[in-house]
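Visitor: My structure is below; once you've seen it, I'll send some questions.
Every read-out reported here was derived from the displayed coordinates using simple, explicitly stated rules and does not represent laboratory data. If you're wondering where the values come from, they're calculated on a predicted model, not measured in any experiment. Counting neighbours? That spans all protein chains shown, and the Cβs are built from the backbone with ideal geometry, glycine included.
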Amino acid sequence: MSSLVWIELDSKAPDHNLNELRSSAKKDVLLCAVIKANAYGHGTAQMVKLLPSADWFAVNSLEEGLELRELGVKKPILLLGHVPLEQMNEAVQADFRLTVFNPESIEAICCPDHYHKPVRVHLKVETGTERQGVLLEDIPDFVKNIQDKKEIIMEGISTHFANIEDTLNHEYADSQLAIFNKALKIIRKQCDTPQIIHTACTAASILFPETHFNMLRVGIGLYGLWPSRETYLSTIMGKLRVPDLKPVVTWKTKIAQIKTIHEGSYVGYGCTYKTTRKTKLAVLPVGYADGYDRKLGNTAYVLVNGKRAPVIGRVCMNLTMIDVTDIPNVKLENEVVLLGTWGKETITAETMASWAGTINYEIVTRISPLLERKIV
Ligand SMILES: Cc1ncc(COP(=O)(O)O)c(C=O)c1O
């Protein structure tokens with residue numbers, strides 16, 4: 001673990017964000033914190049600590065769920081992804097809530113003799129994302145399979161929206177919700193309504209109360225980030241409550257070398273940058289191996305002494321060069337903010353995402369899990 005590159009997490013922001021999102025819903029709606037992918041790159045152990053108000057946690061994989069149990073999490077844990085059939089037993093014994101969409105998974109569930117708790121599954125309905133989910137026409141047989149196994153309880157039913165974040169036009173989301181409501185009707189013909197119905201990611205939680213049912217399943221908003229500009233605009237245009245989301249991460253490093261190079265010098269691999277003046281160059285010990293995207297080369301800025309310094313040349317595996325000619329008093333081992341605020345300047349995840357041609361989700365999620373996460 002390098003002590004020259006690290007992440008600082010705002011200790012108050014995650015629970016504040018959670019409660020802001022909760023305020024968009026009715027009082028009795030549960031809040032499930034999605035902390036998959038190392039809590040969107042923020043650090044699983046840290047985010048569990050910083051989200052005391054979460055009612056449930058959701059992760060993608062069995063391994064992520066087991067990590068939460070090792071951390072001592074006693075709250076309900078929902079696994080969103082496929083559990084390998086041969087590891088179903090492990091998932092059952094750890095008392096995870098299983099998202100189910102394959103008949104084979106239902107078949108593979110069996111309880112050891114000494115295990116007397118019901119296995120609680122959440123049926124995922126395919127409503128138009130064409131990802132994981134059971135098609136409407138397959139629901140009756142699927143539910144029958146569940147009913148045939150007395151050790152299984154269908155505790156929940158869910159779906160996931162495909163097109164809320166990318167658009168101001170919410171017809172597709174409406175059509176998905178209509179299909180989901182049809183699925184509920186089909187299920188109600190066969191059995192009691194499952195106790196927990198959940199469809200709303202962050203954008204749906206903010207924009208569509210009709211998607212809340214009785215649990216929100218939110219990720220990006222907890223980390224203080226808006227799902228997209230369109231979600232923000234839709235909130236304003238719809239005159240809806242605008243949650244006050246506070247970013248959690250500041251990503252920092254320290255300068256590892258400073259030197260003044262000649263006019264006409266090439267910087268970095270591929271000689272993609274040539275100085276046009278005598279240039280004070282600082283070398284940062286961070287690169288794409290740390291999750292600092294290679295596309296940030298010759299494009300991004302970082303903050304030094306509260307001022308913007310351009311990244312010059314390509315981002316290397318472990319090193320990045322910046323031009324600090326115009327910034328006074330820059331010294332070896334000065335702190336540098338790659339992502340976050342310093343004084344009046346901020347590099348947001350959205351800005352970095354636009355420089356790298358991606359979305360804020362990917363920027364934070366790909367920060368290397370090897371970097372230290374400090375709660376401040
Ligand atoms: C199934 C599922 N539910 C909820 C979420 C949370 O979405 P968001 O981070 O937009 O709130 C995700 C995120 O990818 C997801 O895959």
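Visitor: List the relative contact order of region 12-237 as a percent without decimals, with contacts defined as Cα pairs under 8 Å and 6+ residues apart.
Guide: With pairs under 8 Å counted, the relative contact order is 21 percent.
Visitor: Over what distance in Å are the Cα centres of region 106-147 and region 232-289 separated?
Guide: Using only Cα atoms to place each centre, the spacing works out to 46 Å.
Visitor: For region 174-191 and region 1-23, write down the distance between their C-alpha centroids in whole Å.
Guide: 37 Å
Visitor: For region 258-315, list log₁₀ I(q)/I(0) at each q in 0.20, 0.22 Å⁻¹, using the Debye formula over Cα point scatterers of equal strength and ignoring solvent, two decimals each.
Guide: -0.78, -0.94
Visitor: Next question, about the same structure. Taking square-rooted eigenvalues a ≥ b ≥ c of the alpha carbon gyration tensor, is region 41-196 rounded, prolate or oblate, where a/c under 1.5 means rounded and, failing that, a/b exceeding b/c means prolate?
Guide: Verdict is oblate for region 41-196.
Visitor: Considering the options V364, V5, H212, tell which one lies farthest towards the positive end of the dipole of the chain, charges being +1 on Lys and Arg and -1 on Asp and Glu at the Cβ, about the Cα centre.
Guide: V5
Visitor: If you count the DSSP beta bridges with both ends in the chain, what percent of them are antiparallel, to the nearest 5?
Guide: Taking every DSSP beta bridge within the chain, about 50 percent pair in antiparallel fashion.
Visitor: Moving to a separate point now. From the residues G224, T325, P14, which one has its Cα farthest along the dipole of the chain in the positive direction, the dipole being from +1 and -1 charges on Cβ of Lys/Arg and Asp/Glu about the Cα centre?
Guide: The Cα lying farthest towards the positive end belongs to T325.
Visitor: Please list, or write none, the aspartates and glutamates whose alpha carbon is within less than 20 Å of the alpha carbon of K74, excluding same-chain residues fewer than 8 places away.
Guide: Within reach: D15, D55, E63, E64, E90, D95, E155.
Visitor: Moving on. Can you give the charge dipole size of the chain about its Cα centre, rounded to the nearest 20 debye, using +1 on the beta carbon of Lys and Arg and -1 on the beta carbon of Asp and Glu?
Guide: With Lys and Arg at +1 and Asp and Glu at -1, about 1300 debye.
Visitor: Can you compute the helix-only [θ] at 222 nm over the chain? Use -39500 (n - 2.57) per DSSP H run of at least 4 residues, normalise by all residues, nearest 500 deg cm²/dmol.
Guide: After summing the helix terms and dividing by residue count, I get -7500 deg cm²/dmol.
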